[in-house]
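Novice: Pasting in a structure now, in structure tokens, and then I'll have a few things to ask.
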Amino acid sequence: MKKKKPNYKLRRKIAKLLLIIIIITPLIIINKTKILNAPLYVTNLKYTNVLDSMFEINFNNKEAKKTIDYLKNNNKINDETDDYILKIHNLGYNNNVVKYVIKNLSKSEITDFLSRKYNKDFEKYISCKLFSYKKYERYLSYENKHKDLSIDDIVTRIELNLDKTYYYDSVLIKNPNAIDTLANKYLEIPEDYEPTDLVDMDDSYANNTYGQKQLRKEAYEKFVQMCEASRKDGVNFYAESAYRSYEYQKNIYNNYVYNNGQDEADKYAAKPGFSEHELGLTIDLANIWTITTKGEEYKWISKNAHKYGYIIRYKKEWEDVTGYAAESWHIRYVGIKNATAIHKLNIPYEEYYIKYIANKK
Ligand SMILES: [Zn+2]
């Protein structure tokens, strides 16, 4: 009898198929277990880790519901928190937002958040370093009035309290002695503050005709270096005004009000307690009226002042942030590192301070 020849072709096919099944099946099972049995996957993890796991799985509502039920049954989360994830999700937010809200907002804040309509910009808000949900209502109302601004600008401006009434909603500065302190119409210098390291300015660098000019030591030393350097370049300027005491500023302001009225005064002169000159770090360059933005001095200062730690404090394009009309003659000492960074960024000191200094303190 003729032996039947085995069908090798078919056997090879079956072997191949078996091999594929052996390799693929565990992969499918592992994935399925991960997704369908999320509660098992997250067992024994702490609450925040549980949430992390849910986001890693990239849950859909059904999976999240299942996970939440499991956590609830095992007393890992309570009745109040259980629905948050689903509700935020159902409002239309993606996992990124859900995660942020669950992790960073308090229960009352989450309740508040859930009572609001979907905001397509919310993800932009939470990506801002300075975002704080406590100020969310203020952002929204400011955004409403300033539709041309970016979300980042809005968050920055609220941080600077620009939505409040200047002079009247001001906050007292806690560190007037710090070289990099910020003083403006929203941040008040304490009435009794007087720098302890004021030095007299030499006649070659200041107009002392109507009273001895003073500046804080560090700022003065750098100013002298700056004057010497500019003179080598054939550019000449000196201080017409420098440190002013609270009392002195009071007289200036009252005179302005008397001569020009309150509105004009608030535009061009600072109320006592609100002038940078009271810090002893600020100089009005002379001759005031020749330091225009087109003048040689201004050009030199724009290019070089940062090398000596000085910045031009009030520019035309910054008026709505600084609260002051442009002053080409008014420079402020902030230290070389800060001045150099500001020179590069070309942003008002308010913005720099809130983003790069206040945050680190
Ligand atoms: Zn000034």
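The values are calculated or read from the model by the stated rules, or taken from the named source; none is laboratory data. Because the structure is a prediction, the values reported are computed rather than measured. Virtual Cβ from ideal backbone geometry, glycine too; neighbours counted across all protein chains shown.
Novice: Does ALA229 satisfy being closer than 29 Å to THR196 by Cα and away from the ligand (no atom under 16 Å from the Cβ)?
Specialist: Numbers: closer than 29 Å to THR196 by Cα: yes; away from the ligand (no atom under 16 Å from the Cβ): yes.
Yes.
Novice: If you check every pair at least six apart or on different chains, which have Cβ atoms under 6 Å apart with a residue in segment 336-361 that is within 13 Å of ALA305 (Cβ to Cβ) first and a residue that is surrounded by 12 or more Cβ atoms within 10 Å (Cβ to Cβ) and among the β-branched types (Val, Ile, Thr) second?
Specialist: ALA339/ILE311; ILE342/ILE311
Novice: Criterion first (within 21 Å of THR322 (Cα to Cα), more than 34 Å from the chain's Cα centre (by Cα) and of a type in the set (Ser, Thr, Tyr)) does TYR256 satisfy it?
Specialist: Numbers: within 21 Å of THR322 (Cα to Cα): yes; more than 34 Å from the chain's Cα centre (by Cα): yes; of a type in the set (Ser, Thr, Tyr): yes.
Considered against the rule, which asks whether it is within 21 Å of THR322 (Cα to Cα), more than 34 Å from the chain's Cα centre (by Cα) and of a type in the set (Ser, Thr, Tyr), TYR256 comes out as yes.
Novice: Now for a different question. For segment 200-238, which residues satisfy the criterion of being small (Gly, Ala, Ser) and within 18 Å of LYS307 (Cα to Cα)? It would help to see each step written out before you state the result.
Specialist: Residues of segment 200-238 small (Gly, Ala, Ser): 204, 206, 211, 219, 229-230, 234.
Those that are small (Gly, Ala, Ser) and within 18 Å of LYS307 (Cα to Cα): ALA219, ALA229, SER230, GLY234.
Novice: Continuing with the same structure: Got at least one residue in segment 263-278 being assigned by TED's automatic domain parsing to the domain that holds GLU296, without any contact (Cβ under 8 Å) to a residue 12 or more places away in the chain and assigned to a helix (DSSP H, G or I)? Talk me through it step by step, then tell me what you get.
Specialist: Kept after step one, since they are assigned by TED's automatic domain parsing to the domain that holds GLU296, are these residues of segment 263-278: 263-278.
Next cut, without any contact (Cβ under 8 Å) to a residue 12 or more places away in the chain only: 263-264.
Checking which are assigned to a helix (DSSP H, G or I) leaves us with 263-264.
Looking for residues that are assigned by TED's automatic domain parsing to the domain that holds GLU296, without any contact (Cβ under 8 Å) to a residue 12 or more places away in the chain and assigned to a helix (DSSP H, G or I), one finds at least one in segment 263-278, hence yes.
Novice: Right, another one. Might you let me know whether segment 264-286 holds any residue that is under 24 Å from TYR220 (Cβ atoms), more than 16 Å from the ligand (Cβ to nearest atom) and surrounded by 15 or more Cβ atoms within 10 Å (Cβ to Cβ)?
Specialist: Scanning segment 264-286, I find no residue that is under 24 Å from TYR220 (Cβ atoms), more than 16 Å from the ligand (Cβ to nearest atom) and surrounded by 15 or more Cβ atoms within 10 Å (Cβ to Cβ), so the answer is no.
Novice: Mind checking whether some residue in segment 308-324 is away from the ligand (no atom under 16 Å from the Cβ) and in contact with a Pro (Cβ under 8 Å, 6 or more places away or on another chain)?
Specialist: Checking segment 308-324: at least one residue is away from the ligand (no atom under 16 Å from the Cβ) and in contact with a Pro (Cβ under 8 Å, 6 or more places away or on another chain).
Novice: Something else: Only one of (1) more than 13 Å from the ligand (Cβ to nearest atom); (2) of a type outside the set (Gly, Ala, Ser); (3) under 28 Å from LEU172 (Cβ atoms); (4) surrounded by 18 or more Cβ atoms within 10 Å (Cβ to Cβ) fails for TYR258. Which number is that?
Specialist: (4)
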